[in-house]
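The structure appears below as structure tokens.
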Amino acid sequence: MDYLLKAKQILAGCLSVPVDNISDDGQLEQLSPTIDSVVFANIMMEVENFVQKEIDVTEWLELGSVKDLAGILEKNHRQ
């Protein structure tokens, strides 16, 4: 599973930006400096739907980049 690509797809959908505009090393504030609680909740929902479980809040607190999100997906995905 390519978790980096999946992270980019989730972010692209939630932020309404093309996947091609999201770099592997991208920081969330660079992608959309106006990520509000609704957008963040949508990201959380999409991730939790994908991994089919609730993600611990401490993992969300450390989310700052595309690679961080890919790491959350990889750690929590039931294979």
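Looking across region 14-33, the residues that are within 21 Å of Glu59 (Cα to Cα) and open to solvent by 70 Å² or more (accessible area, probe 1.4 Å) come down to Asp25, Glu29, Gln30, Pro33. Of the residues in region 50-66, at least one is of a type in the set (A, V, I, L, M) and not in a helix (DSSP H, G or I). Considering region 34-49 alone, what residues qualify as being assigned to a helix (DSSP H, G or I) and open to solvent by 40 Å² or more (accessible area, probe 1.4 Å)? Listed by number, the residues that qualify are Ser37, Val38, Phe40, Ala41, Asn42, Met44, Met45, Glu46, Glu48, Asn49. Anything in region 1-25 that is assigned to a loop (DSSP other than H, G, I, E, B) and more than 12 Å from Val39 (Cβ to Cβ)? List them, or say none. Across region 1-25, the qualifying residues are Met1, Asp2, Pro18, Ile22, Ser23, Asp24, Asp25.
The values are calculated or read from the model by the stated rules, or taken from the named source; none is laboratory data. A quick note: this is a predicted structure, and the numbers were derived from the prediction, not measured. Ideal geometry is used to build each Cβ from the backbone, glycine not excepted, and the neighbour counts take in all protein chains shown. Please note that ligands, DNA and RNA were not included when accessible areas were found on the heavy atoms of the full protein model with its side chains. Shrake-Rupley method; radii C 1.70, N 1.55, O 1.52, S 1.80 Å.
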